[in-house]
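Participant: There's a structure below that I have some questions on.
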Amino acid sequence: MVFEVRATHAVTSTGVRACEVHPDVFVDETGRVFWTGGGAARIWPDVPVDITSIESGEENDIFVVEDEVVEVAVDWVEMLRGDRQAEERIAQRRRCRWSLPTVAGPR
């Protein structure tokens, strides 16, 4: 399943569009989830990101995110509210995603 969302912000360094799905929680068009709590925006695992607000309203300001991205965003919201199970789900996703060995392409 996919969701169409309207861009409300952009990553300053790249221009990648992002949507604020909950106060201080964002998804971008590359599938990243980040939050702006406590100052600078951060992407798991704590990588700083600079974002700016954009004027939305154009039809081309809509982009698609996968349902898994929305699930991660919900876990972030729950984690920020103190839900330890959500924090464990995020950590588990991170272990699964980044623990895979790098595979070389065909020779």
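Participant: Can you pull out every residue in the range 1-20 that is part of a strand (DSSP E or B) and open to solvent by less than 60 Å² (accessible area, probe 1.4 Å)? Break it down stepwise before answering.
Facilitator: As a first pass, look at the range 1-20 and keep what is part of a strand (DSSP E or B): 2-6, 9-11, 17-20.
Passing the criteria: V5, H9, A10, V11, R17, A18, C19.
Participant: When the residues of the range 56-107 are filtered to those that are in a loop (DSSP other than H, G, I, E, B) and modelled with pLDDT of 85 or more, which remaining residue is surrounded by the most Cβ atoms within 10 Å (Cβ to Cβ)? Walk me through it before giving the result.
Facilitator: Looking only at the range 56-107, we keep the residues that are in a loop (DSSP other than H, G, I, E, B), and these are 56-58, 81-83, 99-107.
Cutting the leftovers down to modelled with pLDDT of 85 or more gives us 81-83.
Values: R81: 8, G82: 8, D83: 13.
Going through the qualifying residues, I end up with D83.
Participant: Out of all the residues in the range 24-36, is one or more among the hydrophobic types (A, V, I, L, M, F, W, C), open to solvent by less than 70 Å² (accessible area, probe 1.4 Å), modelled with pLDDT of 85 or more and outside any strand (DSSP E or B)?
Facilitator: No - not one qualifying residue is present in the range 24-36.
Participant: What are the residue pairs meeting all of these: first residue in the range 49-72, first residue on the phi > 0 side of the Ramachandran plot, second residue modelled with pLDDT of 85 or more, Cβ atoms under 9 Å, and 6 or more apart or on different chains?
Facilitator: G57/R6
The values are calculated or read from the model by the stated rules, or taken from the named source; none is laboratory data. Since we're looking at a predicted model, the values are computed, not measured. Note that we place each Cβ from the backbone using ideal geometry, even for glycine, and neighbour counts take in every protein chain shown. Ligands, DNA and RNA are excluded from the accessible area calculation, which covers all protein heavy atoms including side chains. Shrake-Rupley method; radii C 1.70, N 1.55, O 1.52, S 1.80 Å.
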